[in-house]
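Following: one structure in structure tokens, then a few remarks.
The values are calculated or read from the model by the stated rules, or taken from the named source; none is laboratory data. Just so it is clear, the structure is predicted and the values come from calculations on it, not from any experiment. Because the Cβ atoms are built from the backbone with ideal geometry, glycine has one as well, and the counts that use them run over all protein chains shown.
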């Protein structure tokens, strides 16, 4: 199936697989030193006294700095990170309030792996970039000139800025839009984009131009070309228009969202309001230049942006109330600071975690900069959150280690023993998981939620289908072991943007009652060697999304399960979704699709035809289950 973008000659096409051929890994380089202003905080406390030090991989720009100097720093990091998919370097670039770039000399930013671009204003309109902030396809063949796609453009962040799109100096094709060609683990938050369209695919490079994202929240956007994006969630935003959709496009609380009455042509799912939302915490500096963290409050049944009528509702925490951690800090030191009442800010880098970081105090904020990464050591649980209200974990990546961990992030030790609050949910925002990829990884469960009243706002839970571990695809099944992606045991848990892929049993198991998921994306594991390795008792395979047999109420909006059994194309999976047959469990706009190998026999509980190799790339939809 080929779709044509409105008002453009460039075609957008669904892709048959994310299989990578000839992927070259380029090690990151050292960031060019830049003289930049530092962020100061009142009442600084040891061990970071006086000027707040975010470490060598955080650069804070001031609008008085020459555009050429800012451009050079950003270009150097992009050159180092554009192909550094499995590297260990992490960077954050923070912009103090003001205007950057001019009509004659725009600031044109390209964002590579493990890079965060963020404004330090109280409102997105406080930081204005005259220019662009972009991600292009990676070209993986012929010396970087062909096989150009966005399927592995993961792990980068853009937030809290206004972009007045200026294409000065770019060629004819590049001048047609601000390009953001990405896939999973990439978030756009608190943006105000004007001046040109936003394209979520890169149609200016040689094909195939595939993309597999993605997530937008709390943003005012111009007309958006979705293009070849397989799936996308836009939440609590405003859009001037939206064109195209491949398989699964979801809008929740979006002013200007397209109507979904014709589903699946186009494949839109639209909710007028978001039942539960909480925006991600963000750094900002006040009029005195003092740094703070704004912690938005939870909202129910909302639409549009949170900053339309002033500062986003919530509370402000001075940076002095945070312990600013570096990768060299011990977990013991971090836990002592948490026990003393500090919040936690993780500066960019990779942290080896041999015992759990323990979050026990209600309303604690754990905020990562520049995709700060926690790696399990000796089978640890890297992050363990108590069943208390209001904890927020945001901007953190968690990796499995060489020895199997029982779980990588646990929220509440046991269901029914916590002290949660519906009005103040524990919230996970832009929290990502990896089992394999940069190194061998082993975990029984990646994300386990035992507490009630938890909000998961954008996560990618990934057992690696490729990486640099040094073994073949046929060996990966017994080496990178991850049984379950997300296991939700708590009641009243909401997920907005749940991406879970490649786990060896159920990718998602939802045992808690009164749960809600708004956009679910799953790829079944690519690598079972035989059908015998992919059996659930007498049942062929594990559903990509399993709602527990005892659940009475559950809602799922806009969901897809994809199959690509590359190691053995004869393998079958009986159902993409498996749910109890009860009136309170309702699935809206779900689908399965074959990416080129293997078969899913039914969409849900024996309903829906097979996603097999006779219809590669053609979704099999079930609009409502149970049928009305």
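Table: residues versus (1) modelled with pLDDT of 95 or more; (2) part of a loop (DSSP other than H, G, I, E, B); (3) surrounded by fewer than 18 Cβ atoms within 10 Å (Cβ to Cβ).
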{"residue": "129", "(1), (2), (3)": "yes, no, no"}
{"residue": "157", "(1), (2), (3)": "yes, no, no"}
{"residue": "160", "(1), (2), (3)": "yes, no, no"}
{"residue": "170", "(1), (2), (3)": "no, yes, yes"}
{"residue": "179", "(1), (2), (3)": "yes, no, no"}
{"residue": "190", "(1), (2), (3)": "yes, no, no"}
{"residue": "223", "(1), (2), (3)": "yes, no, yes"}
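When restricted to residues that are free of Cβ contacts under 8 Å to residues at least 40 places away in the same chain and in a loop (DSSP other than H, G, I, E, B), segment 227-244 contains 0. Selection of segment 74-102 for residues being surrounded by fewer than 21 Cβ atoms within 10 Å (Cβ to Cβ) and on the phi > 0 side of the Ramachandran plot yields only 98. Just checking, does segment 565-587 include any residue being in contact (Cβ under 8 Å) with a residue 60 or more places away in the chain and either outside any loop (DSSP other than H, G, I, E, B) or crowded, with 24+ Cβ neighbours inside 10 Å (or both)? Within segment 565-587, none of the residues are in contact (Cβ under 8 Å) with a residue 60 or more places away in the chain and either outside any loop (DSSP other than H, G, I, E, B) or crowded, with 24+ Cβ neighbours inside 10 Å (or both). Just wondering, is there one or more residues in segment 91-100 that are closer than 22 Å to residue 438 by Cβ, assigned to a strand (DSSP E or B) and in the same structural domain as residue 162 (by TED's automatic domain parsing)? Yes, that holds for at least one residue. Just to be sure I understand, how many residues within segment 443-480 are more than 21 Å from the chain's Cα centre (by Cα) and either in a strand (DSSP E or B) or free of Cβ contacts under 8 Å to residues at least 12 places away in the same chain (or both)? The total comes to 6. Residue 373: assigned to a helix (DSSP H, G or I) and either free of Cβ contacts under 8 Å to residues at least 60 places away in the same chain or under 22 Å from residue 432 (Cβ atoms) (or both), yes or no? It is false that residue 373 is assigned to a helix (DSSP H, G or I) and either free of Cβ contacts under 8 Å to residues at least 60 places away in the same chain or under 22 Å from residue 432 (Cβ atoms) (or both). Condition check: touching a helix residue (DSSP H, G or I) at 6+ places or on another chain (Cβ under 8 Å), surrounded by fewer than 21 Cβ atoms within 10 Å (Cβ to Cβ) and either modelled with pLDDT under 60 or closer than 22 Å to residue 189 by Cα (or both). Does residue 47 satisfy that? So residue 47 fails the test. Filtering segment 159-177 for residues that are in the same structural domain as residue 210 (by TED's automatic domain parsing) and under 18 Å from residue 86 (Cα atoms) leaves an empty set. Could you go through segment 520-540 and let me know if any residue there is assigned to a strand (DSSP E or B), free of Cβ contacts under 8 Å to residues at least 60 places away in the same chain, touching a strand residue (DSSP E or B) at 6+ places or on another chain (Cβ under 9 Å) and buried (at least 19 other Cβ atoms within 10 Å of the Cβ). Scanning segment 520-540, I find at least one residue that is assigned to a strand (DSSP E or B), free of Cβ contacts under 8 Å to residues at least 60 places away in the same chain, touching a strand residue (DSSP E or B) at 6+ places or on another chain (Cβ under 9 Å) and buried (at least 19 other Cβ atoms within 10 Å of the Cβ), so the answer is yes.
Condition check ((1) at pLDDT below 95; (2) out of contact with any helix residue (DSSP H, G or I) (no Cβ under 9 Å at 6 or more places or on another chain); (3) surrounded by fewer than 23 Cβ atoms within 10 Å (Cβ to Cβ)) across all residues:
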position	(1), (2), (3)
409	no, yes, no
414	yes, yes, yes
418	yes, yes, yes
423	no, yes, yes
428	no, yes, no
432	no, yes, no
441	no, yes, no
446	no, yes, no
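Taking (1) farther than 26 Å from residue 347 by Cβ; (2) crowded, with 18+ Cβ neighbours inside 10 Å; (3) at pLDDT 95 or above in turn, residue 14 satisfies each apart from (3).
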